[in-house]
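Comments concern the structure below.
The values are calculated or read from the model by the stated rules, or taken from the named source; none is laboratory data. Everything quoted here is computed from the prediction, not taken from an experiment. Using ideal geometry, Cβ is built from the backbone for each residue, glycine included, and neighbour counts are taken over all protein chains shown.
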Amino acid sequence: MPITRFEPHDDFLRVHFAGDGVPRHSDFHWFWLRHNSELDRHPLTRERIVCSSELPLGLRPRGVRVSEDASALDIDWGDRADGQVSRYSADWLLTNAYAADRVAVPPPPSDSGLLTVEAARVREPLVPFALKRLEASGAVIVRGFGADTEALIDLFGGAGLSVIETHFGRIEDLRTDNTTNRNTDQLGYTDSAVQLHTDQPFLERPPRYQLLHCQRPAETGGDNSVVDGLAAARYLADQDEQAFELLRTVPVTFHRKQAAFERVLVSPVLDFDAPGGFRIRYSYFTLAPHRVPFARMEAWYRAYNRFATLVRDERHQFRFRLQTGDFLLYDNWRMLHARTSFTGARWLRGVYFDAR
């Protein structure tokens, strides 16, 4: 039952086997493999001599290779003064396989080509095409539409979307010299970076969709990124069920306080029980002090930080730059969005929509 190959992942190793009547592959957590190394047994009694608490949870190997006869896997953990490597035979791995033929949930995608279309190359009506892409992927980037935001509003209005006026107004002019909107005392109207977030999680029903329409790009910076938060939540549930359940069930406080506007809402981050469908509420700048039970507070932060680390990883982000006439339309209940800091007179127009 030889080992044919292996695939290292962030938290686990997938090992592939050949032979009849055996799993095609099995997944093993790195920590589990390190804890079960034969090097940590007494040479005479073969009893374990290392407690798992003595090993760092985040330990990752320095190297992995299949033995020359393909009967075992050798892992160099890089933590032994004698330089010895741990050997795991194929038979032992199969006997102890706790995730045989596991079908892993993929992490959030990052190929911006999945979202991007050129307006001039779409051979069918643009708006129905864009809405189909939006439903499938959570966002759509359309290049070269033109700079008329009202025309876009009319087109999407004809397809069943209604503009949602917020405390900023009907259309946001996202620019540092804004004179057209209310309540501009927030990060979006500065040239600072705005990290990943969903919009208005402090509302019982946040706007479902947002349009960001580029009127003028920045001189430098001002790049956009979006992350499929639903895919991230499903990935987290597959990797760490306890973390997922904490974020799904433990309510926390979102608080938006501005000079002339204030709202507070208590809700889980992963709000899968919301009326009308799931809503991801993720906003580092409106996450307020919350009253999680003492015995769950540290566990909640570990879960939140694991989700945050997942979505902040650039390997899981769609990253792009909008030029004049381009627009991004995304599902605010599903996608997280961000922008980098910038210089120059960058100007995007923002419009919120909901289905009628």
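Structural remarks
- Each residue in the stretch 249-267 was checked for being touching a strand residue (DSSP E or B) at 6+ places or on another chain (Cβ under 7 Å), surrounded by fewer than 19 Cβ atoms within 10 Å (Cβ to Cβ) and either at pLDDT below 95 or more than 24 Å from A355 (Cα to Cα) (or both), and 6 of them qualify.
- Residues that are surrounded by fewer than 16 Cβ atoms within 10 Å (Cβ to Cβ), modelled with pLDDT of 95 or more and assigned to a loop (DSSP other than H, G, I, E, B) within the stretch 78-98 comprise N96, Y98, listed in sequence order.
- For the stretch 1-51, taking the residues that are hydroxyl-bearing (S, T, Y) and in contact with a Phe, Trp or Tyr (Cβ under 8 Å, 6 or more places away or on another chain), the one that is nearest to D313 (Cα to Cα) is identified as S26.
- Failed condition for Y304, given (1) in contact with a Lys or Arg (Cβ under 9 Å, 6 or more places away or on another chain); (2) surrounded by fewer than 21 Cβ atoms within 10 Å (Cβ to Cβ); (3) under 21 Å from L265 (Cβ atoms); (4) not polar (S, T, N, Q): (1)
- Residues of the stretch 160-181 satisfying the condition of being of a type outside the set (S, T, N, Q), surrounded by 14 or more Cβ atoms within 10 Å (Cβ to Cβ) and part of a loop (DSSP other than H, G, I, E, B): I164, H167, F168, I171, R175
- The residues on offer are G229, G222, and the sole one that is in the same structural domain as T184 (by TED's automatic domain parsing), on the phi > 0 side of the Ramachandran plot and either in contact with a helix residue (DSSP H, G or I) (Cβ under 6 Å, 6 or more places away or on another chain) or crowded, with 20+ Cβ neighbours inside 10 Å (or both) is G222.
- Taken as a whole, the structure places S37 among residues that are of a type in the set (S, T, Y), crowded, with 16+ Cβ neighbours inside 10 Å, free of Cβ contacts under 8 Å to residues at least 60 places away in the same chain and in the same structural domain as S86 (by TED's automatic domain parsing).
- Residue-level analysis places A308 among those that are part of a helix (DSSP H, G or I), at pLDDT 95 or above and closer than 25 Å to L212 by Cα.
- One residue from L212, L236, L246 being in a strand (DSSP E or B) and assigned by TED's automatic domain parsing to the domain that holds A345: L212
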